[in-house]
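Enquirer: Quick one: this structure, given as structure tokens, is what I'll be asking you about.
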Amino acid sequence: MIVNKKFLKISVPDLILVALSLFFLVGITCIFDACPPKSDGTYMNCYYAGEVVTAIAALLLALSVAHVFLPSGEIKMGLDVGMVGISAVCAAVPKTIIPLCMMNTMDCNASMRPWTIAVCVVLIVACLADFVFFLRKRK
């Protein structure tokens with residue numbers, strides 16, 4: 001069986017993107033989640049914001065895993081640009097796109113929103129650095 005060694009070559013930026021995306025998904029689902037249901041069993045808006053952020057974190061993880069296995073630098077650059085846009089939208093979901101609770105001490109404002117913004121900014125920086133790396137590598 002012939003294996004393309006270029007296909008199996010995993011770079012450090014690839015691993016960083018996967019680790020950040022996995023860190024984001026695990027953090028948003030296990031530690032920094034939104035407010036729990038109310039006593040009557042209904043959910044507040046922040047619950048839905050948390051669900052959207054979780055779905056976007058899963059999408060970012062899928063894209064970063066695809067980033068590892070794609071051999072073309074141009075395709076990886078395209079994924080980097082896409083992940084920058086998706087991360088920017090994800091950072092805007094809590095409070096800007098979907099309103100959160102009024103009190104700043106609630107879980108959504110105290111943990112989910114800062115976690116989402118911080119990790120999305122780090123992902124944006126990592127994707128832009130990877131993009132510049134591939135851009136310089138092409139020249």
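Enquirer: Which condition from (1) within 24 Å of Leu15 (Cβ to Cβ); (2) buried (at least 18 other Cβ atoms within 10 Å of the Cβ); (3) out of contact with any Pro (no Cβ under 7 Å at 6 or more places or on another chain); (4) not charged (D, E, K, R) is the one that Asn109 breaks?
Expert: With (1) within 24 Å of Leu15 (Cβ to Cβ); (2) buried (at least 18 other Cβ atoms within 10 Å of the Cβ); (3) out of contact with any Pro (no Cβ under 7 Å at 6 or more places or on another chain); (4) not charged (D, E, K, R) applied to Asn109, the lone miss is (1).
Enquirer: From Leu8, Leu20, Leu70, grab the single residue that is of a type in the set (A, V, I, L, M) and modelled with pLDDT of 90 or more.
Expert: From the options Leu8, Leu20, Leu70, the qualifying one is Leu20.
Enquirer: Regarding Ala118, is this residue at pLDDT 95 or above and in contact with a Pro (Cβ under 8 Å, 6 or more places away or on another chain)?
Expert: For Ala118, the condition - at pLDDT 95 or above and in contact with a Pro (Cβ under 8 Å, 6 or more places away or on another chain) - is not met.
Enquirer: Go through (1) out of contact with any Phe, Trp or Tyr (no Cβ under 9 Å at 6 or more places or on another chain); (2) surrounded by 16 or more Cβ atoms within 10 Å (Cβ to Cβ) for Thr29 and report which single condition fails.
Expert: Just one mismatch for Thr29, condition (2).
Enquirer: Residues that are touching a residue at least 60 places away in the same chain (Cβ under 8 Å) and over 19 Å from the mean Cα position of the chain (by Cα): does the stretch 117-128 have at least one?
Expert: No, there is no match, as no residue in the stretch 117-128 is touching a residue at least 60 places away in the same chain (Cβ under 8 Å) and over 19 Å from the mean Cα position of the chain (by Cα).
Enquirer: Let me ask you something else. Pick from Met106, Met102: which is free of Cβ contacts under 8 Å to residues at least 24 places away in the same chain and over 13 Å from the mean Cα position of the chain (by Cα)?
Expert: Only one candidate qualifies: Met102.
Enquirer: Any idea which residue in the stretch 23-51 is modelled with the lowest pLDDT, counting only those that are in a loop (DSSP other than H, G, I, E, B) and under 15 Å from the mean Cα position of the chain (by Cα)?
Expert: Restricting attention to the stretch 23-51, the residues satisfying the condition of being in a loop (DSSP other than H, G, I, E, B) are 32-44.
From the residues that got through so far, the ones that are under 15 Å from the mean Cα position of the chain (by Cα) too are 32-33.
On the way: Phe32: 94, Asp33: 88.
So the residue we want is Asp33.
Enquirer: Run Leu63 past the list (1) in contact with a Lys or Arg (Cβ under 8 Å, 6 or more places away or on another chain); (2) under 23 Å from Phe23 (Cα atoms) and report the number of the one that doesn't hold.
Expert: Answer for Leu63: the failing condition is (1).
Enquirer: Can you find, within the stretch 38-64, the residue that is surrounded by the fewest Cβ atoms within 10 Å (Cβ to Cβ) among those that are in contact with a Leu (Cβ under 9 Å, 6 or more places away or on another chain) and over 16 Å from Ala88 (Cα atoms)?
Expert: Within the stretch 38-64, the subset in contact with a Leu (Cβ under 9 Å, 6 or more places away or on another chain) is 44-46, 49, 54, 57-58, 60-61, 63-64.
Still in the list and also over 16 Å from Ala88 (Cα atoms): 44-46.
Working: Met44: 19, Asn45: 15, Cys46: 24.
Taking the candidates together, the pick is Asn45.
Enquirer: Do you know which of the residues in the stretch 64-106 that are of a type in the set (S, T, N, Q) and assigned to a loop (DSSP other than H, G, I, E, B) is nearest to Ile10 (Cα to Cα)? Don't jump to the end; show me each part of the working.
Expert: In the first step, residues of the stretch 64-106 are kept if they are of a type in the set (S, T, N, Q); the result is 64, 72, 87, 96, 104-105.
Next, from what is left, pick out any that are assigned to a loop (DSSP other than H, G, I, E, B): 72, 96, 104-105.
Numbers: Ser72: 12, Thr96: 37, Asn104: 42, Thr105: 42 Å.
Ranking the candidates gives Ser72 first.
Enquirer: Further question on the same structure: Does Leu25 satisfy being touching a strand residue (DSSP E or B) at 6+ places or on another chain (Cβ under 7 Å) and either among the aromatic types (Phe, Trp, Tyr) or over 19 Å from Ser11 (Cβ atoms) (or both)?
Expert: Here the answer is no, as Leu25 does not meet what is asked.
The values are calculated or read from the model by the stated rules, or taken from the named source; none is laboratory data. Bear in mind that the values here come from a model prediction, so they are computed numbers and not experimental data. Reconstructed Cβ throughout: ideal geometry from the backbone, glycine too, with neighbour counts over all protein chains shown.
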